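Here the structure is laid out as structure tokens; the discussion comes afterwards.
The values are calculated or read from the model by the stated rules, or taken from the named source; none is laboratory data. The model shown is predicted, which means the values in this text are computed figures rather than measured ones. Note: ideal-geometry Cβ built from the backbone for every residue, glycine included; neighbour counts use all protein chains shown.
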Amino acid sequence: MKYVSTRGRAPVLEFGDVLLAGLAADGGLYVPDHWPELSAAALSGEPGRGGYADLAAEVMWPFVAAAYPRDRFDEVVLDAYAGFDHPEVAPMVELGDGLWLMELFHGPTFAFKDIALQLVGRLFDEELARRDERVAIVGATSGDTGSAAIEAVRDRGNIQIVILHPHGRISEVQRRQMTTVDSPNVHNVAIEGTFDDCQDLVKAMFSDAEFRADQRLSAVNSINWARVMAQTVYYVAAAARYGLERASFSVPTGNFGNVLAGHVARQMGLPVDRFVVASNRNDILTQFFTTGSMAVSEVYPTLSPSMDIQVSSNLERLLFEVLDRDGARTAELLEQFRATGKMQIDARVLAELQRQWSGLRVGEDETTATIADLYRATGMIVDPHTAVGLAAARRARQDADEAMVVMATAHPAKFGDAVEAAIGIRPPMPPALAELAERPERCGLLPNDLAAVKAHVARCAAGLD
Ligand SMILES: *Cc1c(COP(=O)(O)O)cnc(C)c1O
């Protein structure tokens, strides 16, 4: 298996290079040069008899086959999912009438990003050890991603991780999930500024070629192919282990990574009717799937902050597919989008997309009402991101026979304020989250000043801080 860039002008790479590179040199995203077929065993859920990790290794193996011996890969995958607090890793609950919730929040930080990052952290470590290299992962977070990345690489000798967050602007639980990790390779920095300031600092460090090379900067952001790969597994698991012959999926979406992974599973032969791309008030994807055009506007803060995104990076991988894998055309479309903030696909391509994709926008009131209705009807509590997916699924479902799986992306206790506003009670904290309040925190505080932040990152990268 080789990997090509969606913009067609970057070197063709092997899995290990793609894992460490993230973004391609031409600004595109790496994708496999062909779609492997799911094995009959994977489609029947048979490897799943040995648990989620067995199925995961079977589904992902064609993507990595050149990079590892199979038994080593199996061990790494098994280890990645050993720390989840549910034996099925991603269990499903039926809400009735063919509507299902797939719980993706049983990992160490209680949000779905753990499913990919727990594996990707271990694969990074393997690849770095094999090359005898070290990296410093640097990122900015407005909440969930930082803690999932930290948990994924803590205690790994070849990796230092530095995560910037806006001082006083993330929830206490989110902060404590990062700052109470007692590991010498984990470095948290609160920045006196906003999330955008943090992101600008990270971008400035990455675009300084000399600093980037000297400090061996790296990222594990959601455009990394390995993250998408790891997420394809639970789509297969949903259908295979629960005997759904054909299903549709409703996915609360931000950067389009999660739902794109479903598309990959379908390309590999999973029978899927359609994908419902559920957005909050930041509804640029709803525009895209209903009109074929996108225009960037400002980002509105909502009850589902991990979806407060305007430019969904992973959409580029789908565009590449619908443009018949023509890198030059994909590059042209995205460069135009970047320059003008607008883009439009032609009517034929839109019509083709609409046969398998729907985009739905769910507003704040509908999100809150969905949490309340579900609680009243079943006693179950969902978080606001999941509620967006559930509301979209209910509206999009054409008949009672259509099996539809809603991806539940976060544990409700992570968004206790929004849940309490909807139903009047706070969701119970899992013990691992409650314990955070007792643990000591470790975190630096710096002004929004590039020179100061660079000096600090250099000390962390050298393991001196
Ligand atoms: C990241 C995240 C999302 C959005 O996922 P994408 O892959 O970016 O589309 C949805 N819900 C939660 C809780 C998240 O953390």
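Could you figure out which of (1) at pLDDT below 95; (2) more than 23 Å from Ala392 (Cα to Cα); (3) among the acidic types (Asp, Glu) isn't true of Glu192? Result: Glu192 passes all but (1). In the set (1) among the small types (Gly, Ala, Ser); (2) closer than 23 Å to Ala67 by Cβ; (3) surrounded by fewer than 17 Cβ atoms within 10 Å (Cβ to Cβ), the condition left unmet by Ser171 is number (2). Meeting the requirement of 2 or more residues that are among the hydroxyl-bearing types (Ser, Thr, Tyr), within 14 Å of the ligand (Cβ to nearest atom) and more than 20 Å from Asp144 (Cβ to Cβ), the helices (runs of 4 or more DSSP H) wholly within the range 210-303 are 225-241. Which number in (1) within 30 Å of Trp100 (Cβ to Cβ); (2) exposed (fewer than 15 other Cβ atoms within 10 Å of the Cβ) marks the one condition that Thr370 misses? Evaluating Thr370 over (1) within 30 Å of Trp100 (Cβ to Cβ); (2) exposed (fewer than 15 other Cβ atoms within 10 Å of the Cβ) leaves (2) as the failure. Among the helices (runs of 4 or more DSSP H) confined to the range 364-465, the ones with at least 1 residues that are within 18 Å of Val93 (Cα to Cα) are located at 364-378, 384-396. Within the range 96-146, the residues that satisfy the criterion of being in a helix (DSSP H, G or I) and away from the ligand (no atom under 16 Å from the Cβ) are Gly121, Arg122, Leu123, Phe124, Asp125, Glu126, Glu127, Leu128, Ala129, Arg130, Arg131. In the range 89-145, of all residues being among the charged types (D, E, K, R) and within 19 Å of the chain's Cα centre (by Cα), the one that is surrounded by the fewest Cβ atoms within 10 Å (Cβ to Cβ) corresponds to Arg122. Taken as a whole, the condition of being in a helix (DSSP H, G or I) and at pLDDT 95 or above does not apply to Arg338. Filtered by the rule that a residue be surrounded by 12 or more Cβ atoms within 10 Å (Cβ to Cβ) and either modelled with pLDDT of 95 or more or polar (S, T, N, Q) (or both), the range 436-446 gives Arg439, Glu441, Arg442, Cys443, Gly444, Leu446. Hey, can you tell me all the residues within the range 382-421 that are among the small types (Gly, Ala, Ser) and within 16 Å of the ligand (Cβ to nearest atom)? Ala387, Gly389, Ala391, Ala392, Ala393, Ala408, Ala410, Ala413, Gly416, Ala418, listed by residue number.
Number of residues in the range 36-83 that are among the hydrophobic types (A, V, I, L, M, F, W, C) and part of a loop (DSSP other than H, G, I, E, B) equals 4.
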